[in-house]
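The values are calculated or read from the model by the stated rules, or taken from the named source; none is laboratory data. Keep in mind that this is a model prediction, so the values were computed, not measured. Here the Cβ positions follow ideal geometry from the backbone for every residue, glycine too, while neighbour counts run over all protein chains shown. The accessibility values were calculated without ligands, DNA or RNA, using every heavy atom of the protein model including side chains. Shrake-Rupley method; radii C 1.70, N 1.55, O 1.52, S 1.80 Å.
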Amino acid sequence: MSKKYTILKGTFILTTTGIITRLIGFFYRVYLSQTFGEEGVGLYQLIFPVYALCFSLTAAGIETTISRCVARKAALGKLQEAREFLFTGMSISFLLSCIVTIFLQNNAHMIAVHFIGETRCIPLLTAMSYAFPFAAIHSCICGYYLGLKRTGIPAASQLIEQIARVLSVYLFSLYLLHNQGTLSVTLAVSGLVAGEIFSSLFCAQMFFHTHHLHPVHTSIQTVHRCLSYVGELFRLSVPLTANRILLNLLQSIEAISIPKALITYGSNRSEALSLYGVLTGMALPCILFPSALTNSISVMLLPTVAELQASQKRETLLLLIKKVFFCCFALGLSCTIGFLLFGRFIGSTLFHSTLAGSLILTLAWICPFLYTNSTLVSILNGLGYTASSFFVNTVGLLLRIASVFFLIPLAGIRGYLWGLLGSQLTITLLCLRELFHLFHRNPSV
């Protein structure tokens, strides 16, 4: 009951925080469009594939690895080793972030011209580069507390990051307007950096305060112990990092290739861009909204699975996996029914688009698999089988890419939606196969 309460409490905190930050983000986007114009917001959005790629390379996989390993060590009562593992991961993540910062500053022109295709993004990339060292500290400490299933500090840091981002842009804008300065969308990027600075300072302060540590109290023995975790860190984090990088590359390929494939199908450029906009800006966000709950469950599930595995509570672990699977699948089925019944109403009423309603009806069928997959992949990562989760996600991503290049030219946007459904179904089946193999062929799990 204690573990169940911890998972429910953590899920509630993370879900509530996620909804609040999404609402703040919605109004923030409205403010940005009014302050910098649609073109400025467009330039701001162009740098985010680069941001996501760099964050995936420097911190995302390491954060998940820290969460998993800290949970295992905490379950065995080895809190000192858990802290040392955090220091190891954070040091490597910080070093990688500094390298990426220098690389971006030295190659901003090349990236803006050849990758983004917009020279006005050069100052935005330079300003954005300063965010990564702070993001490394923020994400690694959050991973540590998630491993301990203490969600209060990660949730608070998420709110602080969002509030600091919005307030800094607002205050900078007021200052420039008061002094008759020129507003530039670079201010929005400065807000991104400010958010990471404040959230990382908060996380660092809370860590040293809650553990009663002094940041300069280290020893040669501590350094040697930290270095001993490097192999384990890379073994688990490299597949996760590769998976995140592949996902971001896929999203970039999709953004470029879907409109082109629609033109091949017979749409003109304006129709293709409009259709892509309706899909990504209206239909998919609607389908993905309930995933705020399942994503929070996934975050809590990873350290819980790692803890149960370390404690060798096999039957409890199996029962937890079954309950989570059926609950998420049931949520997906109920959402499928809801979207099938009210999809057209949502499209016409909220978005004033009959096309959005039609796409929601088709996308509704992916809900049971989409909402379940995040938890299944989290379970695999929690068990330490990050290579398996990488394989599963890679297969799903390749199916999505194949649908863009082969199905859209034949069937239009419906071909992509079929590919998306096939991809999610395949991920579900592969995850279940991997878990069945692990539990029935490996008694030590």
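When the residues of the stretch 155-175 are narrowed to those that are under 17 Å from the mean Cα position of the chain (by Cα) and open to solvent by less than 10 Å² (accessible area, probe 1.4 Å), which ends up farthest from Phe87 (Cα to Cα)? This residue is Ala155. Every condition in (1) open to solvent by 10 Å² or more (accessible area, probe 1.4 Å); (2) under 30 Å from Arg235 (Cα atoms); (3) in contact with a helix residue (DSSP H, G or I) (Cβ under 8 Å, 6 or more places away or on another chain) holds for Phe339 except the one numbered (2). Taking every residue in the stretch 348-371 that is touching a residue at least 24 places away in the same chain (Cβ under 8 Å) and pairing it with any residue that is of a type in the set (Phe, Trp, Tyr) and open to solvent by 40 Å² or more (accessible area, probe 1.4 Å), at least 6 positions away or on another chain, the pairs with Cβ-Cβ distances below 9 Å are Ile360/Phe342; Thr362/Trp418; Pro368/Phe329; Phe369/Phe329; Tyr371/Phe329.
Of all the criteria given as (1) more than 18 Å from the chain's Cα centre (by Cα); (2) surrounded by fewer than 20 Cβ atoms within 10 Å (Cβ to Cβ); (3) in contact (Cβ under 8 Å) with a residue 24 or more places away in the chain; (4) more than 19 Å from Leu233 (Cα to Cα), the one not satisfied by Leu53 is (1).
In summary, helices (runs of 4 or more DSSP H) completely within the stretch 10-125 and bearing 1 or more residues that are closer than 24 Å to Ile160 by Cα and among the polar types (S, T, N, Q) occur at 61-75, 79-110. Residues in the stretch 176-189 that are at negative phi and open to solvent by 100 Å² or more (accessible area, probe 1.4 Å): Leu177, His178, Thr182. The residues of the stretch 324-354 that are farther than 22 Å from Ser374 by Cα and not aromatic (Phe, Trp, Tyr), listed by number, are Leu340, Leu341, Gly343, Arg344, Ile346, Gly347, Ser348, Thr349, Leu350, His352, Ser353, Thr354.
Quick one: is Ala135 over 17 Å from the mean Cα position of the chain (by Cα) and either in a helix (DSSP H, G or I) or under 30 Å from Phe12 (Cβ atoms) (or both)? In short, no.
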